[in-house]
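Report on the structure given below.
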Amino acid sequence: MTNDQLLEHLVEHLVEALGANLVSVVLYGSTAAGDHQKKVSDLNVLCVLDRVGSSELRKVNKAIRWWSKKRQSTPIFLSREEVKNAHDAFAIEFLDISTVYRVLHGEDVVANIQVDPLHHRHQVEHELRSRLLRLREHYVAAQGDRRKLMRLLVESLPSFATLIRHALILAGNQPPATKYEIFQQASEQFAISSKSFELILGVRQGVERFNAREIHSLFDDYLTQIAKTAAIVDRL
């Protein structure tokens, strides 16, 4: 089943479950940007409802159970009011959704979203630094296990790609669509090395492999470049 077919079936399930309470279904993220990678990229979906209570969420149990069996992450459920007023708390998320998206059903609730640059910068720096701290903690906890370290690198990359993309936006750039382009542009804009990011991306794509010694070297550079990026965002 293709991505478009999966999304079409999801919308059908949601409409059946929620009826008129379903305001909009929006696809965002790498697939909407044309950067979907089979087996590693999720289909990111935002569902906007007039009311989002426990009774409404229970109605979508069947749809989400089916969606999960397709190895997809649970959609985000927001109320119309939250889409309108929560930009300050979720600046990254709302800006990311509004930058590259496709309306699958209902109203275009994304078109009028506006994010305050100050809230945006604060959240980007906070997320970079907090995720860097967690990455260090997980590195220590892995105790040199090659498989754990490789999984940690691969699973953390999309989040850092998103944050680096937002750092580029803060610096006044038109953000590129693909992860590879993001790392290349960040290297040029911020004078950081894109090598470790690109190598980890190669692992995600199944074209790179590393032994235990190489992984530690890769991890060291990865941590260094993320820390440099956080320091740069602090000065923006």
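Coordinate-derived values only; no laboratory data. The structure presented is a predicted model; accordingly, all values stated were derived computationally and were not measured. We place every Cβ from the backbone using ideal geometry, glycine too, and count neighbours over all the protein chains shown.
What aspartates and glutamates sit close enough to Lys148 to cross-link, taking a C-alpha to C-alpha distance under 20 Å and skipping anything fewer than 8 places away on the same chain?
Straight-line reach from Lys148, under 20 Å: Glu137, Glu198, Glu208, Glu214, Asp220, Asp221.
Below 8 Å, C-alpha to C-alpha, sequence gap of six or more: please give me the relative contact order for segment 3-106 in percent.
Averaging sequence separation for qualifying contacts and normalising by length gives 39 percent for segment 3-106.
So, counting K/R as plus one and D/E as minus one, what does the shell of residues with Cβ under 11 Å around Ile169 add up to?
Residues near Ile169 contribute +1 overall.
Restricting to lysines 8 or more places apart or on different chains, can you count the pairs in segment 3-106 with Cα atoms under 21 Å from each other? Please list the in-between numbers first.
Details: Lys38/Lys69; Lys38/Lys70; Lys39/Lys69; Lys39/Lys70; Lys59/Lys69; Lys59/Lys70; Lys62/Lys70.
Summing the qualifying lysine pairs gives 7.
Measuring from centroid to centroid over Cα atoms, what is the spacing of segment 55-120 and segment 154-217 in Å?
Segment 55-120 and segment 154-217 have Cα centres spaced 25 Å from each other.
Going through segment 42-115, which trypsin sites (Lys or Arg not before Pro) have at most 16 other Cβ atoms within 10 Å and a DSSP loop state?
In loop regions of segment 42-115 (DSSP not H, G, I, E or B), the sparsely surrounded trypsin sites (Lys or Arg not before Pro) are Arg51, Lys70, Arg71.
Taking a ≥ b ≥ c as the square roots of the Cα gyration tensor eigenvalues, with a/c under 1.5 meaning rounded and otherwise prolate when a/b beats b/c, else oblate, which class fits segment 110-236?
Prolate, because a/c is 1.5 or more and a/b exceeds b/c.
Considering only DSSP beta bridges where both residues belong to the chain, give the percentage that are antiparallel (nearest 5).
Once the DSSP bridges in the chain are tallied, antiparallel ones form about 75 percent.
So what is the relative contact order for the chain, in percent, with contacts set as C-alpha pairs under 8 Å and at least six apart?
On the way: 281 pairs, mean separation 44.1, N = 236.
Taking the mean separation of contacting Cα pairs over the length of the chain, I get 19 percent.
Mind checking which helices in the chain clear 18 Å along their axis (Cα) and have mean Kyte-Doolittle hydropathy of -0.5 or more, DSSP H runs only?
Membrane-span-like by this criterion, though nothing is claimed about a membrane: 3-18, 146-170, 212-235.
Give the dimensionless ratio obtained when the Cα radius of gyration of segment 3-106 is divided by 2.2 N^0.38 Å.
Working it through for segment 3-106, the quotient is 1.03.
Would you mind working out the magnitude of the charge dipole of segment 3-106 relative to its Cα centre, with +1 at each Lys and Arg C-beta and -1 at each Asp and Glu C-beta, to the nearest 20 Debye?
500
Would you mind telling me which residue in Ile169, Ile76, Ile182 has the biggest mean-square fluctuation in a Gaussian network model of the chain, where springs connect alpha carbons within a distance under 10 angstrom?
Of Ile169, Ile76, Ile182, the Gaussian network model singles out Ile76 as fluctuating most.
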